[in-house]
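The values are calculated or read from the model by the stated rules, or taken from the named source; none is laboratory data. Note that the structure is predicted; figures quoted are calculated from it, not measured. Note that we place each Cβ from the backbone using ideal geometry, even for glycine, and neighbour counts take in every protein chain shown. The accessibility values were calculated without ligands, DNA or RNA, using every heavy atom of the protein model including side chains. Shrake-Rupley method; radii C 1.70, N 1.55, O 1.52, S 1.80 Å.
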Amino acid sequence: MSIFIICFIAAIIVIILYLAIHRLVLNRATMMVRNNAQRVTDTALNDCLRELLHWNKSLDSQIVADVWGKGVLAFEYHFDYKKADISLDDFTKQKLASLLDEYAKQHHLQTAPKAKQAFVITDWWTYEGILHIDIAYLVNEATVEYIDDLKRLNQNSK
């Protein structure tokens, strides 16, 4: 009977160790993918802003809330457009989206199989002189599904 209990406890310990190591490996892989996507998106946006606004500032992103899932590669940028003396009549979401598309094509950026483009500007809003821009990099299925969910939400809110 005691051998059975020892084997049972050993099996439980092995299962717990396996699950812990598996989770650690998955989290590390997810972080590597996210960091790479964030670096690519930061570079693309900053290159497009240099071309469009003729400045050499560099914006760093923050991950959009993990509410949508860990695999969603969407990043938020913000800057004081009034201090930068930028007119939002000249600097528009459409112009930036067009430049991001060109950048992705020129640099042959990888996209998810169902994605029509590499980058989608998911949000564009101002508050107290700060312009907030959210950009999704559609390199995986989770981000494509996130974009589809946003489209459905926008259709239902109209």
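For region 23-82, the set of residues classified as open to solvent by less than 50 Å² (accessible area, probe 1.4 Å), of a type in the set (Ser, Thr, Tyr) and not in a loop (DSSP other than H, G, I, E, B) consists of THR41, TYR77, listed by residue number. Under the condition of being without any contact (Cβ under 8 Å) to a residue 60 or more places away in the chain and assigned to a helix (DSSP H, G or I), which residue from region 100-128 is nearest to ASP85 (Cα to Cα)? So the residue we want is LEU100. Here LEU131 passes the criteria (1) under 17 Å from the mean Cα position of the chain (by Cα); (2) touching a residue at least 40 places away in the same chain (Cβ under 8 Å); (3) in a strand (DSSP E or B) except the one numbered (1).
When region 84-96 is filtered for residues that are under 11 Å from LEU52 (Cβ atoms) and part of a helix (DSSP H, G or I), the ones remaining, listed by number, are LYS95, LEU96. Among the residues making up region 101-158, none is surrounded by fewer than 11 Cβ atoms within 10 Å (Cβ to Cβ), within 19 Å of ARG39 (Cβ to Cβ) and in contact with an Asp or Glu (Cβ under 9 Å, 6 or more places away or on another chain).
Look at region 35-56: where a residue is free of Cβ contacts under 8 Å to residues at least 24 places away in the same chain and a partner is open to solvent by 40 Å² or more (accessible area, probe 1.4 Å), sitting 6+ places away or on another chain with Cβ atoms under 6 Å, you get ASN46/SER58.
Table: residues versus (1) touching a Leu at 6+ places or on another chain (Cβ under 8 Å); (2) of a type in the set (Val, Ile, Thr).
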| site | (1), (2) |
| --- | --- |
| SER2 | no, no |
| ILE12 | no, yes |
| ILE21 | no, yes |
| VAL25 | no, yes |
| THR43 | no, yes |
| TRP55 | yes, no |
| TYR77 | yes, no |
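Entry remark, region 102-120: residues being of a type outside the set (A, V, I, L, M, F, W, C), closer than 17 Å to ALA74 by Cβ and in contact with a strand residue (DSSP E or B) (Cβ under 9 Å, 6 or more places away or on another chain) number 1 in total.
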